[in-house]
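Beneath this line is the structure, given in structure tokens, with notes to follow.
No value in this document is a laboratory result; all are computed from the given coordinates. Because the structure is a prediction, the values reported are computed rather than measured. Positions of Cβ are generated from backbone atoms using ideal geometry, with glycine treated the same way; all protein chains shown enter the neighbour counts.
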Amino acid sequence: MCNLYSMTRTQDEMRRLFEEFEAADHLGNQGPLEEIYPDQPAPILRNGEAGRALAPARWGMPSPKMALEGKKTDRGVTNVRNTASPHWRRWLGVGSRCLVPFTRFAEPHHQTKKNHWFEVADGRPAAFAGIWVPQWTSVRKLKDGETTDDLYAFLTTSPNAEVGAVHPKAMPVILIGADAWRTWLAAGWDEAGALQRPLPDGTLATIAPEEAPSPQQVERQPRLL
């Protein structure tokens with residue numbers, strides 16, 4: 001599962017990248033992010049009742065009730081695979097879809113557990129196919145009590161050759177180029193859902209672990225459902 005990624009484009013670069021989507025900029029003074037972990041804020045391009053917006057959201061969608069039995073907190077679900085689940089179907093409509101821009105993402109090696117990083121081999125801009133929910137109230141951390149947050153996660157699928165060699169279980173759903181972005185943000189589910197598929201083999205470049213950003217020590221609990 002992907003529970004670490006980077007978004008190192010500047011705010012101006014993101015504005016230009018998504019210019020055709022006429023999104024309001026709610027990012028404030030957003031700088032590049034070398035390491036984004038679960039439960040941290042990051043930029044998304046989201047649909048919404050007031051139109052599209054570039055805005056920060058907290059990584060981790062609400063967990064299903066069965067996953068919260070006996071727990072006092074909901075740390076959130078970062079990666080969504082089972083889109084047939086009734087829990088996720090309510091957030092698959094156009095109004096709940098978003099793009100999650102990234103420059104690199106990491107997957108833990110299935111044997112060494114060491115993070116290996118991936119990026120689009122030819123440098124084309126890419127985004128994860130995401131879903132989001134506005135102003136969700138929950139207890140993410142006991143010390144903070146109830147908080148109300150905009151939340152997001154992104155879809156996963158079976159891995160292509162590059163990711164599968166490191167992490168054979170899954171990879172993020174990655175959308176490259178404006179045509180795929182338009183489909184995800186605006187098409188009906190039959191068409192948009194077909195994008196939940198691995199990238200063609202050879203699309204990603206693998207970055208040696210020692211060349212990637214070193215992990216920071218933060219409190220986190222990856223979730224995949």
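Descriptive notes on the structure:
- With R₀ set to 25 Å, the beta-carbon distance separating residue 121 from residue 158 gives a calculated FRET efficiency near 0.80.
- Among the GluC sites (Glu not before Pro) in the range 6-40, those placed in a DSSP loop whose Cβ has at most 11 other Cβ atoms within 10 Å are 22.
- In a fully extended conformation the segment linking residue 179 and residue 12 would gain 58.0 nm over its present Cα-Cα distance, using 0.36 nm per residue.
- Theoretical ellipticity at 222 nm over the chain - DSSP helices of four or more residues, -39500 (n - 2.57) apiece, nearest 500: -3000 deg cm²/dmol
- Derived scalar couplings between HN and Hα for the range 193-203 equal x, 5, 6, 6, 8, x, 5, x, 4, x, 6 Hz in order, rounded to whole Hz, by the Karplus curve 6.51 cos²θ - 1.76 cosθ + 1.60 (θ = phi - 60°), x for Gly and Pro.
- Using a simple spin-label model with pseudo-atoms 7 Å out from Cα toward Cβ, residue 191 and residue 148 lie 3.6 nm apart.
- Lysine pairs within the chain, Cα separation less than 28 Å, 8 or more sequence positions apart or different chains: 13
- For the range 75-126, averaging the sequence separation of C-alpha pairs within contact (under 8 Å, six or more residues apart) and dividing by the residue count gives a relative contact order of 23 percent.
- For the range 59-101, applying the loop criterion from DSSP together with a ceiling of 15 other beta carbons within 10 Å to the trypsin sites (Lys or Arg not before Pro) yields 71, 72, 90.
- Computed from phi, the 3J(HN,Hα) profile of the range 33-42 under the Karplus parametrisation 6.51, -1.76, 1.60 (θ = phi - 60°) reads 10, 6, 9, 10, 10, x, 6, 9, x, 7 Hz, with x in place of Gly and Pro.
- The range 135-169: chymotrypsin sites (Phe, Trp or Tyr not before Pro) in DSSP loop, at most 16 other beta carbons within 10 Å: none
- Relative contact order, percent, the range 1-138 [alpha-carbon distance under 8 Å, six or more residues apart]: 26 percent
- Chain lengthening between residue 135 and residue 110 when straightened (0.36 nm per residue, less Cα-Cα): 5.4 nm
- Amide H to amide H distances under 5 Å link residue 136 with 149, 150, 151, where only residues 5 or more positions off or on other chains count and H is placed in the peptide plane.
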